[in-house]
Amino acid sequence: MTAPSTVTSVRRIGGREFDFARQVAVMAVINRTPDSFHDRGATFALERAVDSALRAVERGADWVDIGGVPFGRGPAVSVQEEIDRVMPVVEMLAASAVDAVISVDTHDADVAAAAIAAGAAVINDTSGLGDDRMASVIAESDAHIVITHSVGPPRVEKPAARYDDVVAAVRAFLLERIARAEASGVPRERIIIDPGHDLDKNTLHSLELTRRLDEITDIGLPLLVAVSNKDFIGESIDRPQGERLAGSLAAMTACVLAGARVVRMHDVAAAVDAARMVEVILGMRPPVRLKHNTHPTRNV
């Protein structure tokens, strides 16, 4: 068993260096929202959001992703309110010199600009450059951009998802948005892609994406997957929110085997252990120690 080799370059993101040929980065989810689909506002309070981020880093997270507006349908959140939710967390983490990449989950260019000024090294854009100004904001900075496949703006009710071939549609969308970003001056080496599991997709679409993820990995850019606790997992194994950890780790592992190199997860300690185990299985790094059946006079 060998890992896909389409992504081989070493990248410096913020203050961290990642060799995605030999490393899986675990991204922790930090929601400063009262209505996030998984934690239901558990880290909405500023102190809880910052503590959660610091605790995630202590548990091995390479990356913390701070969001002020959920993707799913719900009441509109003004740009100023989103900035007020996200910026204090970014500023406090940046001031603490936390040993992790700081990213902000936003589809708004004004929020992105404020986040980068406050110390964010990545903008995680779930709209895939839905804001025409986003690429220019990234081009004028040193930040990375995560370009995610979705259809239409976040927070609004949409028709039932339909695709003739969901993988082909996602691939074509990502290639077009990569070209748009590069035309705006964003260097290719600062672009990461995300197929957008469950974003404007039903469970069968997300499962098909997971099975054929190598067709997205083949684009040749680092691939981020956000599968943690999503509905395609719940519907696949009949588990409600709060009981999807095993399914989330299985989906994450399948994606890593297909070439994903950044995994956005809620349960950091379990995700870090799973990611490190997959790295060892794939030969990306050696075991931490070797003792079992190695003593010359013992056969354990």
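Taken together, the values in this text are just the output of simple stated rules run on the coordinates, not laboratory data. Since this is a predicted model, take the numbers as computed values, not measurements. A quick note on method: Cβ atoms are made from the backbone with ideal geometry, for glycine too, and the neighbour counts reach across all protein chains shown.
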Q) So who's got an amide H within less than 5 Å of the one on Asp131, skipping anything under 5 residues away but keeping other chains? H placed 1.01 Å off N, in plane. A) none
Q.
Can you compute the FRET efficiency between Ile281 and Ser78 using 1/(1 + (r/R0)^6), with r the Cβ-Cβ distance and R0 = 51 Å? Round to the nearest 0.05.
A. 0.65
Q. If we sort 273-282, 53-62 on the protection proxy, mean other Cβ atoms within 10 Å, highest first, what's the order?
A. 53-62, 273-282
Q) Roughly what would the spin-label model give for Asp214 and Ser9, points 7 Å off Cα along C-beta, in nm? A) 2.4
Q: Would you mind ranking Lys201, Lys158 by Cβ crowding within 10 Å, fewest neighbours first?
A: Lys158, Lys201
Q) Mind checking the dipole of the chain: about its Cα centre, +1 per Lys or Arg Cβ, -1 per Asp or Glu Cβ, Debye to the nearest 20? A) 1060
Q: At 7 Å along the Cα-to-beta-carbon direction for both Ala269 and Ala179, put a label point, then send me their distance in nm to one decimal.
A: 4.8
Q: Take Arg212, Arg32 and order them by how many other Cβ atoms sit within 10 Å, fewest up front.
A: Arg212, Arg32
Q. So between Val156 and Arg133, what do we pick up on full extension, going 0.36 nm a residue minus the alpha carbon distance?
A. 6.2 nm
Q | Length gained when the stretch Lys291-Glu47 is fully extended (0.36 nm per residue, less Cα-Cα span) | A | 83.6 nm
Q. What is the calculated FRET efficiency for Arg188 to Glu243, with r their C-beta to C-beta distance and R₀ = 51 Å, to the nearest 0.05?
A. 0.80
Q. Which percent of Cα pairs goes in each bin when the distances of segment 249-300 are cut into 10 angstrom slices starting at zero?
A. 22, 41, 21, 13, 2
Q) How much mean residue ellipticity at 222 nm does the chain get from its helices, if each DSSP H run of length 4 or more adds -39500 (n - 2.57) and you divide by all residues, to the nearest 500 deg cm²/dmol? A) -11000 deg cm²/dmol
Q) Pick from Ala45, Ala181, Ala28: which is most flexible by mean-square fluctuation in a GNM of the chain where alpha carbon atoms under 10 Å apart are linked? A) Ala45
**Q.** Charge tally in the Cβ shell below 13 Å around Phe232, where Lys, Arg are +1 and Asp, Glu are -1, Phe232 excluded
**A.** -1
(Q) Sorting check: for 117-126, 216-225, 256-265, which peptide has the highest mean count of neighbouring beta carbons within 10 Å, and how do the rest follow? (A) 256-265, 117-126, 216-225
Q: Using Rg/Rh (Cα atoms, Kirkwood Rh) as the read-out, say which of (i) 1.04; (ii) 0.99; (iii) 0.97 was calculated from these coordinates.
A: (iii)
Q: For Asp267, enumerate residues with amide H under 5 Å from its amide H, sequence gap 5+ or separate chain, H modeled in the peptide plane.
A: none
**Q.** Relative contact order of the chain, pairs being alpha-carbon contacts under 8 Å that are 6 or more residues apart, as %
**A.** 19
Q: Can you spot the lysines whose alpha carbon is less than 28 Å from Lys230's alpha carbon? Ignore those fewer than 8 places along the same chain.
A: Lys158, Lys201
